[in-house]
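The next block holds one structure in the form of structure tokens; read it before the comments.
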Amino acid sequence: MRKLDYFWKTNKDWYHRKENGVCVINEDAPLDAQKSYQHYLEQCKEAQKRIDSGESVD
């Protein structure tokens, strides 16, 4: 299993959950946390591409 960037989730003041349970970064989160969240989203998108093409995400 690949290691995802979860730095943005280390402080509960930096993110919130939407009604559907998905965590999203707060606009007032520090820049490092916002960059971490963007990196996390990119990692998730790449992992999904690999899954869709039948590749492993390891």
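The values are calculated or read from the model by the stated rules, or taken from the named source; none is laboratory data. A quick note: this is a predicted structure, and the numbers were derived from the prediction, not measured. Ideal geometry is used to build each Cβ from the backbone, glycine not excepted, and the neighbour counts take in all protein chains shown. Note: accessible area is taken over every heavy atom of the protein model, side chains too, but ligands, DNA and RNA are not part of it. Shrake-Rupley method; radii C 1.70, N 1.55, O 1.52, S 1.80 Å.
Of the residues making up the range 27-44, those that are open to solvent by less than 40 Å² (accessible area, probe 1.4 Å) and either closer than 26 Å to residue 58 by Cβ or in a loop (DSSP other than H, G, I, E, B) (or both) number 4.
Within the range 1-22, if we keep just the residues that are open to solvent by less than 100 Å² (accessible area, probe 1.4 Å) and of a type in the set (Lys, Arg), the residue that is nearest to residue 36 (Cα to Cα) turns out to be 9. Among the residues making up the range 2-18, those that are among the charged types (D, E, K, R) and in a loop (DSSP other than H, G, I, E, B) are 2, 3, 5, 18.
Residue 53 satisfies every condition listed in (1) within 9 Å of the chain's Cα centre (by Cα); (2) loosely packed, with under 15 Cβ neighbours inside 10 Å; (3) among the polar types (S, T, N, Q) except (1). Could you tell me whether any residue of the range 19-26 is touching a Phe, Trp or Tyr at 6+ places or on another chain (Cβ under 7 Å) and assigned to a loop (DSSP other than H, G, I, E, B)? Scanning the range 19-26, I find at least one residue that is touching a Phe, Trp or Tyr at 6+ places or on another chain (Cβ under 7 Å) and assigned to a loop (DSSP other than H, G, I, E, B), so the answer is yes.
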